[in-house]
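Comments concern the structure below.
The values are calculated or read from the model by the stated rules, or taken from the named source; none is laboratory data. Because the structure is a prediction, the values reported are computed rather than measured. Ideal geometry is used to build each Cβ from the backbone, glycine not excepted, and the neighbour counts take in all protein chains shown.
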Amino acid sequence: MTDFAEHGLDDVDDLLMPVPAAAGALVGYGRVSTRDQHLDRQLSALNSAGCLRVFADKLSGRNVDRPELWACLDYLRPGDVLVVVSLDRLGRSLDDLLAIVGGLRKRGIGFRSLHESLDTTTPGGRLVFHVFAALAQFLRELIVQGTNEGLSAARARGQRLGRPPALTPEQVRHARDLLTNPDNTIASIARLLGVSRATIHAHVPELAQGRAALGAGTGERLALPASGA
């Protein structure tokens with residue numbers, strides 16, 4: 001069964017359960033997201049739809065918060081109906097839309113979108129949102145499946161997955177060359193390459209064989225074994 005928990009729904013029945021006939025108020029919400037957009041047309045449509053109270057967010061630049069939306073949701077009471085001009089004025093994504101509408105339904109609040117003629121106080125409107133929720137889950141599963149298939153294909157090609165190594169093969173060779181000079185400390189080589197001493201040890205495993213000959217401080221010096229490069 002589709003997992004609706006992340007949308008604020010305990011079960012699919014949360015989307016399908018009937019909302020009591022609207023005995024409360026029609027409350028409108030409008031939003032514009034660019035400086036070039038105007039709220040006037042939305043406000044006019046919401047007032048014409050019978051909304052007695054309208055909340056509106058006018059966002060610009062990096063301001064992505066929706067304080068008026070949260071104030072609107074807090075204002076709504078069971079039996080009220082939230083009205084928007086279109087679905088994209090309420091949710092920024094399908095998941096966002098479903099989470100908000102699902103939360104309204106659990107509180108006994110209806111939802112209506114004028115442009116799409118959707119009304120969750122009707123059986124048809126509830127069914128549409130049930131389909132939306134199933135579609136959102138389907139899309140998430142496709143993304144997971146595609147990611148897993150891509151990782152499997154990369155492994156089959158021998159492609160290294162995960163975080164890239166701290167040192168490139170060329171840097172490792174350079175570190176080995178520097179280590180052959182006893183005047184170069186491991187700490188100084190690490191600083192030169194921009195990594196930690198632990199990283200140098202990890203990429204030059206033969207250091208462990210000469211560990212007994214290393215000093216204890218940050219200026220520890222290397223005594224490479226006879227076979228060391």
* Structure fact -> Of the residues in segment 89-99 that are touching a residue at least 60 places away in the same chain (Cβ under 8 Å) and not in a loop (DSSP other than H, G, I, E, B), the one that is farthest from the chain's Cα centre (by Cα) is Arg89
* **Pairs where the first residue, in segment 166-183, is of a type in the set (S, T, N, Q) and the second is outside any loop (DSSP other than H, G, I, E, B), C-beta under 7 Å, 6+ apart** => Gln171/Leu193
* Sole residue being within 23 Å of Arg53 (Cβ to Cβ), charged (D, E, K, R) and touching a strand residue (DSSP E or B) at 6+ places or on another chain (Cβ under 9 Å), chosen from Asp183, Asp80, Asp96 -> Asp80
* Structure fact -> Flagged in segment 69-88 as assigned to a loop (DSSP other than H, G, I, E, B) and either within 23 Å of Leu43 (Cβ to Cβ) or among the aliphatic types (A, V, I, L, M) (or both), in numbering order, are Leu76, Arg77, Asp80, Val85, Ser86
* To do: Please verify whether segment 2-12 includes one or more residues that are modelled with pLDDT of 95 or more, touching a Leu at 6+ places or on another chain (Cβ under 7 Å) and surrounded by 11 or more Cβ atoms within 10 Å (Cβ to Cβ).
  => no
* Structure fact -> Note on segment 73-106: residues among the basic types (Lys, Arg) and touching a helix residue (DSSP H, G or I) at 6+ places or on another chain (Cβ under 9 Å) are Arg89, Arg105, Lys106
* What about Phe111, is it surrounded by 14 or more Cβ atoms within 10 Å (Cβ to Cβ), within 26 Å of the chain's Cα centre (by Cα), part of a helix (DSSP H, G or I) and in the same structural domain as Gly28 (by TED's automatic domain parsing)? -> no
* For segment 60-74, indicate whether the set of residues that are over 19 Å from Val128 (Cβ atoms), at pLDDT 85 or above, crowded, with 16+ Cβ neighbours inside 10 Å and of a type in the set (Phe, Trp, Tyr) is non-empty. => no
* Asked: Can you tell which of Val101, Val83 is within 19 Å of Ala25 (Cβ to Cβ) and either touching a Cys at 6+ places or on another chain (Cβ under 8 Å) or modelled with pLDDT under 85 (or both)?
  -> Val83
* Structure fact -> Listed by first then second residue, the pairs whose first member lies in segment 46-58 and is free of Cβ contacts under 8 Å to residues at least 24 places away in the same chain, whose partner is outside any loop (DSSP other than H, G, I, E, B), with beta carbons under 8 Å and at least 6 positions apart or on separate chains, are Asn47/Gly28; Asn47/Val54
